[in-house]
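First comes the structure, then the notes that go with it.
Every read-out reported here was derived from the displayed coordinates using simple, explicitly stated rules and does not represent laboratory data. Predicted model only: the values in this text are computed from it and were never measured.
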Amino acid sequence: MTDRTAKRILIVEDEFLVALHLEDALTGMGHQIVGPCTRIQAAMVVARERSIDFAILDINVAGTPSFPVADILRQRSIPFVFASGYGLEGLVDGYRNEIALRKPYDLEELRGAIIRIFPELSH
């Protein structure tokens, strides 16, 4: 992947091993990682202030929903996907049309979600 197609991806995930695995997978795909953020307040600051192309948001981060982070990303027109052990069932009204990966997701599911948002990466 060239620097032009590499994306800056925010990871919001409170489980250390899941975040580490996700970071390894994404860097292996050629992307740059922002975070990971393990708390919603920190993620909100990063979502507001940092240069991000895409985000992966655990729906429940240390007992707090990540929807406020999603709201900031929407305001900035930054695409994101949710990740949850509940899959689509974990989404609330206003977010039901978003992509949600069911944990544990595999590398191809993750790659597919990114390509749906950035079709130019399929080459």
- Item | For region 61-76, 3J(HN,Hα) per residue [Karplus equation, 6.51 cos²θ - 1.76 cosθ + 1.60, θ = phi - 60°, Hz, x = Gly/Pro] | 10, 6, x, 10, x, 8, 4, x, 5, 4, 4, 4, 4, 4, 4, 8
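Using Cα-Cα distances under 8 Å and only pairs 6 or more residues apart, what relative contact order does region 8-117 have, in percent?
Normalised by residue count, the contact order of region 8-117 is 22 percent.
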- Expressed to one decimal in nm², the mean projection of the alpha carbon convex hull of the chain is 6.8 nm²
- Note on the structure: Sorted by chain and then number, the residues having a modelled amide H within less than 5 Å of the amide H of residue 10, at least 5 places away or on another chain, are 34, 53, 54, 55, 56
